[in-house]
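Engineer: Dumping the structure here so I can ask a few things about it.
The values are calculated or read from the model by the stated rules, or taken from the named source; none is laboratory data. These numbers come from a predicted model, not from an experiment. Quick reminder, even Gly has a Cβ in these numbers, built from the backbone with ideal geometry, and neighbours come from all protein chains shown. Surface areas here come from the heavy atoms of the whole protein model, side chains and all, with no ligands, DNA or RNA. Shrake-Rupley method; radii C 1.70, N 1.55, O 1.52, S 1.80 Å.
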Amino acid sequence: MQILCIGDSNTWGYNPENGLQHKNRWTRILAERMPEDEIIEEGMCGRTLLSVDSFDASWCGIEALPGIIAAHRTADVVILMLGTNELKSDFGGGAAYIAKGIERFLEMLQTLHSWEGEQIPQLLVVSPILLGDDIVGKGGICADFDETSLEQSKLMARAISKVCEKYNVEFMDGAEYAKASLKDAIHMDEKNHEKLGKAIYNKLQEMLECKGIF
């Protein structure tokens with residue numbers, strides 16, 4: 001089975017201590033528990049849902065999605081975890097805007113034409129972890145986020161879950177299992193990657209068993 005994981009820096013495995021990539025990121029934790037399956041990592045630092053970053057337009061997820069699908073059109077499962085970067089103050093994208101972005105992604109992911117005639121994969125949307133409460137005033141990459149970002153972060157899961165219910169797609173709230181590091185209030189440390197990886201594995205097992213796939 002091929003499992004395609006689409007996300008941003010918390011899927012890529014950004015280490016807030018040094019800016020490098022975690023060896024034991026959540027996708028690797030998932031791979032350890034599913035050794036007979038192929039875990040495809042499509043995490044990219046800075047990736048958004050709909051917003052176009054003036055620094056690098058290639059970070060816009062909806063623009064990149066057709067190419068991602070074309071490259072991995074035999075995927076059996078797609079796990080989607082995006083939304084955090086939409087919270088940047090430059091974008092002004094709140095929970096409702098993030099939900100709109102998730103909806104756009106689901107419309108494309110659930111269209112057979114997108115998969116060039118292949119079977120539409122099973123979908124799991126994971127609402128991102130929350131921004132840390134101390135993110136405002138931290139400086140550095142945290143300066144991209146403000147009080148509104150923090151407030152809207154706490155509304156993401158509910159907004160995303162409603163979209164998933166509308167499109168009959170599996171949902172889980174990543175913030176119930178993991179949290180941002182104290183270092184930058186955005187990215188997970190390895191301990192939280194492990195927690196999230198285990199939670200996603202359990203959700204996948206439950207989801208696929210219900211559909212008679214496991």
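Engineer: Which of the residues belonging to the stretch 92-120 are open to solvent by less than 10 Å² (accessible area, probe 1.4 Å) and assigned to a loop (DSSP other than H, G, I, E, B)?
Structural biologist: GLY93
Engineer: If you check LEU80 against the conditions, is it in contact with a Ser or Thr (Cβ under 8 Å, 6 or more places away or on another chain) and either under 22 Å from GLY174 (Cα atoms) or modelled with pLDDT under 95 (or both)?
Structural biologist: no
Engineer: Between residues in the stretch 192-211 that are more than 15 Å from LEU80 (Cβ to Cβ) and residues that are modelled with pLDDT under 95, which pairs lie under 7 Å by C-beta distance while being six or more apart or on different chains?
Structural biologist: Matching pairs, first to second residue: GLN205/PHE214; LEU208/PHE214.
Engineer: Taking the residues in the stretch 1-55 that are open to solvent by 50 Å² or more (accessible area, probe 1.4 Å) and either in contact with a Lys or Arg (Cβ under 7 Å, 6 or more places away or on another chain) or small (Gly, Ala, Ser) (or both) as candidates, determine which candidate is nearest to LEU130 (Cα to Cα).
Structural biologist: Selected residue: GLU17.
Engineer: Scan the stretch 42-74 for residues that are within 24 Å of GLU118 (Cβ to Cβ), among the aliphatic types (A, V, I, L, M) and either over 14 Å from the mean Cα position of the chain (by Cα) or in a loop (DSSP other than H, G, I, E, B) (or both) and report the count.
Structural biologist: Final tally of qualifying residues: 7.
Engineer: Condition (residue is free of Cβ contacts under 8 Å to residues at least 24 places away in the same chain, crowded, with 19+ Cβ neighbours inside 10 Å and over 16 Å from GLY83 (Cα atoms)) applied to the stretch 137-159: is it met by at least one residue?
Structural biologist: Scanning the stretch 137-159, I find no residue that is free of Cβ contacts under 8 Å to residues at least 24 places away in the same chain, crowded, with 19+ Cβ neighbours inside 10 Å and over 16 Å from GLY83 (Cα atoms), so the answer is no.
Engineer: Also, I was wondering about something else. Within the stretch 75-91, track down each residue that is more than 16 Å from the chain's Cα centre (by Cα) and either surrounded by fewer than 17 Cβ atoms within 10 Å (Cβ to Cβ) or in a helix (DSSP H, G or I) (or both).
Structural biologist: Correct list: ASP76, SER89, ASP90.
Engineer: What number of residues within the stretch 168-191 are open to solvent by less than 70 Å² (accessible area, probe 1.4 Å), closer than 16 Å to GLY83 by Cβ and not in a helix (DSSP H, G or I)?
Structural biologist: Residues meeting the conditions: 10.
Engineer: Hey, another quick one. How many residues does the stretch 130-167 contain that are assigned to a helix (DSSP H, G or I) and among the basic types (Lys, Arg)?
Structural biologist: 3
Engineer: What about ILE6, is it assigned to a strand (DSSP E or B), within 13 Å of the chain's Cα centre (by Cα), farther than 20 Å from CYS142 by Cα and of a type outside the set (Phe, Trp, Tyr)?
Structural biologist: yes
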